Amino acid sequence: MTATQPSDLSPVDGPAAAPSPLRRLLPGVPGPARTGGSTLLRHLVLVVLAGTVVVLVTNQLEPYQNLRVARVCAFLCVTAGYTVLVGLNGQLSLGHGALMATGAYTVALVQQAFDERSVQGRWILPLSLLLAVVVTAVAGLVIGLAAARLRGPYLAGVTLAVATLVPAITTIFTEVFNGEQGLRFPVETPPAFLGAYFQPERWLAWIALVAALLTMVLMANLVRSRFGRSLRAVRDDEVAARLAGIHLARTQVLAFVVSAACAGLGGGVYAVLTATVAPGKFSLDLSLFLLMAIVIGGLGSLAGAVWGAILLVALQDLPSLITENVALPPGLAQRLEGNLALAVFGLILIVVMLVAPGGLQGLARRLG
């Protein structure tokens, strides 16, 4: 196998610069030089530019709009990891709403524990979010190990059971999770050096932005790494991947762990935005919304995860926007509040699959 075979991952243009796809999957065979460093640098530059643009935009927005930006960033943490699991590795999960709930409740419990002991400090929130990532990653490990031998609808069934089990646990152990009313914890306030009149909503948007950018740069480098190529190989052909020396079960379990950790971070940030967490916020509908968001955005594409997160927030706010601006009977308004977003999401999914099977990102790439 020579170094003159073409590669889509080569940093040098032309067909005579990189090894074959199979050689990239074989353990112990070095890849093209400078690819990792140049990719990391490119991703860091993009993250800095994107972060700068968002910070400048938040300085001009109203408090409610800043909260919407923060929600998009929180959901982006989830959709970025979710598209790696479903689009890159081919594992269908319907339980990511429950994984978000795991991260959210972890943050709430840790924040409450520190507040009850009168412990204060800027390090509390990063520690809470880190514990949310760890706890949710462990939950993802358990689910991944249980589902390692399952495929297709059987895997979806297991994760669907998780999506219904986690909210049920919060209502069973009411002395810990406070049942349907949920948990409240202190609101995160801006640092004093930002000024007395700095908007708390803008500070929350910056916190969510940092979490989203960190998730995106980690996922982008994972996709371009040897592990990312292993994920794609397992998705495309398990027999060929096994012959190339890839451990199938371990790869699939690690994909679940990575995706769960991202969901835990997104759930923790989502809880911080409202300083409260309740099982009603993480119903089965949320898991379905997340799946439709990454499919509509562009399955397997991190840019598609961005589209999905934006669409997710926009459509979730659609019922309240209609009921606020259109005079409707109370009964009809209540039914719209619970069903309109899901119906519109499903309709958009059908249209996108017919017009652009690659999602919004695939359509944008074709138009470009």
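Take the conditions (1) modelled with pLDDT under 75; (2) of a type outside the set (S, T, N, Q); (3) buried (at least 16 other Cβ atoms within 10 Å of the Cβ); Pro330 misses just one of them, which is (3).
Based on what the data block shows, is Gly268 crowded, with 24+ Cβ neighbours inside 10 Å and within 26 Å of Leu354 (Cα to Cα)?
Working: crowded, with 24+ Cβ neighbours inside 10 Å: yes; within 26 Å of Leu354 (Cα to Cα): no.
In short, no.
Within the stretch 276-307, being on the phi > 0 side of the Ramachandran plot and either open to solvent by less than 10 Å² (accessible area, probe 1.4 Å) or assigned to a helix (DSSP H, G or I) (or both) holds for one residue alone: Gly298.
Is it true that Leu254 is part of a helix (DSSP H, G or I) and either in contact with a strand residue (DSSP E or B) (Cβ under 6 Å, 6 or more places away or on another chain) or open to solvent by 20 Å² or more (accessible area, probe 1.4 Å) (or both)?
On the way: part of a helix (DSSP H, G or I): yes; either in contact with a strand residue (DSSP E or B) (Cβ under 6 Å, 6 or more places away or on another chain) or open to solvent by 20 Å² or more (accessible area, probe 1.4 Å) (or both): yes.
Yes; evaluated as a whole, the condition is true for this residue.
The helices (runs of 4 or more DSSP H) found wholly in the stretch 163-238 and carrying at least 3 residues that are within 28 Å of Asp285 (Cα to Cα) and within 17 Å of the chain's Cα centre (by Cα) occupy 200-223.
Would it be correct to say that Thr189 is touching a residue at least 12 places away in the same chain (Cβ under 8 Å) and open to solvent by 30 Å² or more (accessible area, probe 1.4 Å)?
Values: touching a residue at least 12 places away in the same chain (Cβ under 8 Å): yes; open to solvent by 30 Å² or more (accessible area, probe 1.4 Å): yes.
Yes; evaluated as a whole, the condition is true for this residue.
One residue stands out in the stretch 138-149 among those that are open to solvent by less than 50 Å² (accessible area, probe 1.4 Å) and at pLDDT below 85: the one that is farthest from Leu183 (Cα to Cα), namely Ala148. Going by what's in this entry, would Thr106 be described as polar (S, T, N, Q), closer than 29 Å to Gly362 by Cβ and either assigned to a helix (DSSP H, G or I) or modelled with pLDDT of 90 or more (or both)? So Thr106 fails the test.
The values are calculated or read from the model by the stated rules, or taken from the named source; none is laboratory data. Small disclaimer: the values here were computed from a predicted structure and weren't measured. Positions of Cβ are generated from backbone atoms using ideal geometry, with glycine treated the same way; all protein chains shown enter the neighbour counts. Ligands, DNA and RNA are stripped out before the accessible areas are found, and what is left, the full protein with its side chains, is counted by its heavy atoms. Shrake-Rupley method; radii C 1.70, N 1.55, O 1.52, S 1.80 Å.
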